[in-house]
Amino acid sequence: MKLSRQPYYRWLAAPVPEAEVAEAYRANALFDAHRDDPEFGYRYLADEAESAGQPMAVRTAWRLCSSNAWFSAFGKGRAKNGKKPGPPVHDDLCA
């Protein structure tokens, strides 16, 4: 397996970066809070995660919740693509 030595030993010293580990713990805390209270949004989930010992910025909580599709149970519905056209605005006088 033709591997370069320096990157291999650098990876061997720290196989998972600390930032990824911290993000995983934060996401886990957000998921636990979302599982307990699915009706709350990302701001409340960030507060719950902070009380569980994982402090983070609200923007970080939004990014993690958005990327994992953890939305409030009372959120807006998705817009439908290709809505049916409504009734004509005026009669066609060209015919």
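When shorter helices are ignored and each DSSP H run of at least 4 residues is given -39500 (n - 2.57), the per-residue value for the chain at 222 nm works out to -15500 deg cm²/dmol.
Averaging sequence separations of C-alpha pairs under 8 Å and six or more residues apart, then dividing by the length of the stretch 26-72, give the relative contact order as a whole percent. Intermediate values should be presented prior to the final figure.
Numbers: 46 pairs, mean separation 21.6, N = 47.
Relative CO of the stretch 26-72 lands at 46 percent.
Kindly rank 36-46, 12-22 from highest to lowest mean number of other beta carbons found within 10 Å of each residue.
On the way: 36-46: 16.5, 12-22: 8.9.
Top to bottom by mean Cβ count within 10 Å: 36-46, 12-22.
Calculated FRET efficiency, residue 72 to residue 2, Cβ-Cβ distance, R0 = 41 Å: about 0.25 to the nearest 0.05.
Within a Cβ distance under 14 Å of residue 36, other residues only, what is the Lys/Arg minus Asp/Glu net charge?
Working: positive: 35; negative: 32, 37, 39, 47, 48.
Here the count lands on -4.
As a rough guide to protection, the peptides 58-64, 27-33 ranked by mean Cβ packing within 10 Å, highest first, stand as 27-33, 58-64. Placing a pseudo-label 7 Å from each Cα along the Cα-to-Cβ vector at residue 16 and residue 50 gives an inter-label distance of 2.6 nm.
We did not get these values from a lab; they are worked out from the coordinates using the rules stated. Bear in mind that the values here come from a model prediction, so they are computed numbers and not experimental data. Note that each Cβ is placed from the backbone with ideal geometry, even for glycine, and that neighbours are counted across all protein chains shown.
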